[in-house]
Amino acid sequence: MRTEGRWDYTAIGTVTNLAARLCAEAKPNQILIAQRLVAAVEDLVEVEPIGDLHLKGFHRPVLPFNVLQCCLMALRTCLLMAGLRA
């Protein structure tokens, strides 16, 4: 979308929809992540499955995970290896 020399971007798609739905389902101070993300960060976080959720826009139930603990040192190392500053 372009207005007066400025571009605005909007994220769309299944991943964005899932993230928004999980945020809406999370309780205060709770982080819910999708099963696919758990596989990518399994060495960095401790999680527990919370059971299937039936989310709007998804035909099948989604199995989200509650993040219990994050290993900050491992996360920092991962970011440094990726060339990012922690």
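The values are calculated or read from the model by the stated rules, or taken from the named source; none is laboratory data. Here the structure is a predicted model, which is why all the values come from computation and not from measurement. Glycine also receives a Cβ, built like all others from the backbone with ideal geometry; neighbour counts cover every protein chain displayed.
Taking each residue of region 1-29 that is on the phi < 0 side of the Ramachandran plot and looking for partners that are at pLDDT 80 or above and in a loop (DSSP other than H, G, I, E, B) with beta-carbon atoms closer than 6 Å, six or more apart or interchain, yields Asn17/Gly57; Leu18/Ala34; Arg21/Leu55; Leu22/Pro64.
Within region 30-86, restricting attention to residues that are without any contact (Cβ under 8 Å) to a residue 12 or more places away in the chain and of a type in the set (Asp, Glu), the residue that is farthest from Thr16 (Cα to Cα) is Glu42. The residue that is nearest to the chain's Cα centre (by Cα), counting only those in region 1-41 that are surrounded by 12 or more Cβ atoms within 10 Å (Cβ to Cβ), over 16 Å from Pro61 (Cβ atoms) and among the small types (Gly, Ala, Ser), is Ala19.
Scan region 1-41 for residues that are more than 20 Å from Leu68 (Cβ to Cβ) and in a strand (DSSP E or B) and the total you get is 4.
Among the residues of region 42-78, which ones are in a loop (DSSP other than H, G, I, E, B), modelled with pLDDT under 90 and surrounded by 14 or more Cβ atoms within 10 Å (Cβ to Cβ)? Selection gives Leu44, Cys71.
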